[in-house]
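Below is one structure, written out as structure tokens, with a few remarks after it.
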Amino acid sequence: TQKKGGRRRGRGGRKMDSDDLEKLAFARAYPFSRPVGKTFLFNCETGDVEELSDWQSFLTDEMGVERTAVIACGSNASPQQLKRKFRGSEGVIPVVKAVLHDHDSVYCPLLASYGSVTATLATSPGALLDMHITYLTPGQLKIMNKTEGGYNLVRLKNIVLDVEGGSSLTSALAYLHKVGCLMSNGSPVALAEQLCSNRTFPALTQREAGDLTAKMLQLEPGDDFILSVIYKAKQRSSWTAKLCHSAVAYGGPMERIVECSQNASVITW
């Protein structure tokens, strides 16, 4: 982005307006804030969040309500993102603190319609990934699937997933990118914003990841690139396809459950 006469410029030299600046800020906020280290209850109708001290009792008290554990390795544990994905729907979503062994949250070769480089999982022996699980009803799972363009809903097998309260899961659903993880200098690239003990992958912030993908595409990094990702759908698709060429697939045992629509990543503002 260039400055002329003290005014920021973007999208071909045009002065950026407040809408552009808002979209840039949102893109670079991925994976968005969440109550760190806390289990909480998200209200789909209001967008409100309340701390959930005993999530197991909550699930037990929901007589007849079927819920499935779905790992949230990127933005799906953020109230801000959940509010966008579930607006207009009813019900609540328990979002439970957990630790996933031998995995890390890494960038995938996907440029989202809102300008972010999004996340997937990669195996990483010895790593301990602090993350959350969303417990979704069948209806909520269908809604989530519609927002996960470029991903497959899979069942991870033979995992160690320590859930708050002392329980442990050996299998859980997760959204993995269809091609795999973004590679840079022969390595996956972790999300610096996601806490992970014993991390071995290099980690970048979202802003740095945006710059990295621009350089990988031999483009100038910065505001103009991110705004082009947001506003130019055909160009975004072409760039994403190029980034997929060097991606590496997830290395652990899993079973594909649903192939989400390629166009589902478009979330309207």
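The values are calculated or read from the model by the stated rules, or taken from the named source; none is laboratory data. The model shown is predicted, which means the values in this text are computed figures rather than measured ones. Cβ placement follows ideal geometry from the backbone for every residue including glycine, while neighbour counts extend to all protein chains displayed. Protein only, heavy atoms only, side chains kept; ligands, DNA and RNA dropped before computing areas. Shrake-Rupley method; radii C 1.70, N 1.55, O 1.52, S 1.80 Å.
Some observations on this one:
- Among the residues examined, V154 qualifies as buried (at least 16 other Cβ atoms within 10 Å of the Cβ), in a strand (DSSP E or B) and at pLDDT 95 or above.
- Pick from region 213-232, criterion open to solvent by less than 50 Å² (accessible area, probe 1.4 Å) and in contact (Cβ under 8 Å) with a residue 40 or more places away in the chain, ranking: nearest to T123 (Cα to Cα): T213
- Checking A122 against (1) crowded, with 21+ Cβ neighbours inside 10 Å; (2) among the hydrophobic types (A, V, I, L, M, F, W, C); (3) out of contact with any Pro (no Cβ under 6 Å at 6 or more places or on another chain), the condition it does not meet: (3)
- Residue within region 55-62 that is of a type in the set (V, I, T) and at pLDDT 95 or above present: no
- For region 85-102, the criterion of being surrounded by 18 or more Cβ atoms within 10 Å (Cβ to Cβ), among the polar types (S, T, N, Q), in contact (Cβ under 8 Å) with a residue 40 or more places away in the chain and not in a strand (DSSP E or B) is satisfied by no residue at all.
For (1) in contact with a Leu (Cβ under 8 Å, 6 or more places away or on another chain); (2) free of Cβ contacts under 8 Å to residues at least 12 places away in the same chain; (3) open to solvent by less than 40 Å² (accessible area, probe 1.4 Å), each residue gets a yes or a no:
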residue	(1), (2), (3)
S168	yes, yes, no
A172	yes, no, yes
H177	yes, no, yes
M183	no, no, yes
E193	no, no, no
S197	yes, no, no
P202	no, no, no
Q206	yes, no, yes
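- Residue in region 145-163 that is without any contact (Cβ under 8 Å) to a residue 60 or more places away in the chain and not aromatic (F, W, Y) present: no
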